Amino acid sequence: MDALKSILVIVDPTVADSSALSKAHQLAKRFRARVELLLCDPSLPAVSVIENSEVHALHALMHKKHTDRLASLAMPFVEDGLSTTCQVVSGSPLVRLILERVTAIQPDLVVKDTHHHSLLRRTLLTNTDWHLLRHCGSPLLLVKPRLWPEVLKVSAAVDPGHPADQPAALDHAIIEAAQRISRAWATLPAVVHCWSPVYLYAMGGMGGAMDGVQVAIPQELVEAERLLDSNRLHHLARVHDVPTRDVHLHAGTVIDVLPTYADTNRVDVLVMGAIARSFIDRVFIGDTAAYLLETLPCDVLIVHQPPKAVTV
């Protein structure tokens, strides 16, 4: 998205104080973007399948209740001169309702609340969140119940030089999305990459075993790979004019490094990519992604792989 022109906000009818609404409002004001508030009620059947007149009357009553609520929630947007529409849909499953609306209006950004478990200090992602992570065609901002400061700190988590991502279209899209958000706050994003030599050991047979013989991975090879990754990271940053001081290379896996990095650097929004790049990713992406997204202390903006250019 070259400019943030349209925002779709998923309104949870069970949440009284929505971070998604307040943050979408801030974004819309800074970008002068048009906004749609979408309230989905999966507890009500779709109008097309209602035959009983009493059920139809109840549906109409609940639809009006939801519409009135959205009109009230839309007032701050309208008062700021933002083009704002409201949409109420019913039926199930919930994720289908949301994805159908995303397909219909193709917003530049979808904003949705996530639920926070205060005792565990963790975000509890719903089944709907997971389906949106995989299938939402627009960038998806999953927000947590915390306020944004006056100066927003944004970081882009990249993976340069991944063998299944050549050229690194996703990394470029991640940094561009981070820069777009940062510019609205007149700041610059940081770029972070977590490097781990685990795949070197996997190449040697999960721990360095080859044909039944233990194979030691030379430290020189590990250091050479780390240097290569560092060079790739800094080249990627230079392409996007990211200052060297804002480029961070950390040793370790993403689930170990990123939550600590975000907490230490007081990151407000971490921009990440959504892609299953390898067989290993497909096996472990559920548990890894769950742990990572649930333990990150900040909001997460998920960017999907850009479509491949069609050559004639």
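The values are calculated or read from the model by the stated rules, or taken from the named source; none is laboratory data. What you see is a predicted model, and the numbers here were worked out from it, not measured in a lab. Methodologically, a virtual Cβ is constructed for each residue, glycine included, from the backbone with ideal geometry; neighbour enumeration extends over all protein chains shown.
Residues in the range 66-77 include none that are closer than 18 Å to Ser19 by Cβ and either within 19 Å of the chain's Cα centre (by Cα) or in a loop (DSSP other than H, G, I, E, B) (or both).
The residue list Leu38, Leu21 contains one member that is modelled with pLDDT of 95 or more and assigned to a strand (DSSP E or B), which is Leu38. Taking each residue of the range 122-139 that is over 10 Å from Arg96 (Cα atoms) and looking for partners that are at pLDDT 90 or above and basic (Lys, Arg) with beta-carbon atoms closer than 8 Å, six or more apart or interchain, yields Thr123/Lys144; Asp129/Lys112. Scanning the range 9-18 for residues that are in a loop (DSSP other than H, G, I, E, B) and either hydroxyl-bearing (Ser, Thr, Tyr) or in contact with a strand residue (DSSP E or B) (Cβ under 9 Å, 6 or more places away or on another chain) (or both) yields a total of 5. For the range 82-113, filtered to residues that are without any contact (Cβ under 8 Å) to a residue 12 or more places away in the chain and over 18 Å from Leu142 (Cα atoms), the residue that is farthest from the chain's Cα centre (by Cα) is Ala104.
The rows are residues; the columns are (1) among the hydrophobic types (A, V, I, L, M, F, W, C); (2) at pLDDT 80 or above; (3) not in a helix (DSSP H, G or I).
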{"site": "Leu119", "(1), (2), (3)": "yes, no, yes"}
{"site": "Gly161", "(1), (2), (3)": "no, no, yes"}
{"site": "Arg183", "(1), (2), (3)": "no, yes, no"}
{"site": "Leu188", "(1), (2), (3)": "yes, yes, yes"}
{"site": "Val192", "(1), (2), (3)": "yes, yes, yes"}
{"site": "Ala202", "(1), (2), (3)": "yes, no, no"}
{"site": "Gly205", "(1), (2), (3)": "no, no, yes"}
{"site": "Ala216", "(1), (2), (3)": "yes, no, yes"}
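Selection of the range 41-82 for residues being out of contact with any Ser or Thr (no Cβ under 8 Å at 6 or more places or on another chain), over 23 Å from Thr14 (Cβ atoms) and modelled with pLDDT of 95 or more yields Glu79, Asp80, Gly81, Leu82. One residue stands out in the range 269-297 among those that are closer than 19 Å to Ile181 by Cα and surrounded by fewer than 22 Cβ atoms within 10 Å (Cβ to Cβ): the one that is modelled with the highest pLDDT, namely Pro297. Being among the aliphatic types (A, V, I, L, M), at pLDDT 90 or above and touching a Lys or Arg at 6+ places or on another chain (Cβ under 8 Å) is a condition met by at least one residue of the range 85-92.
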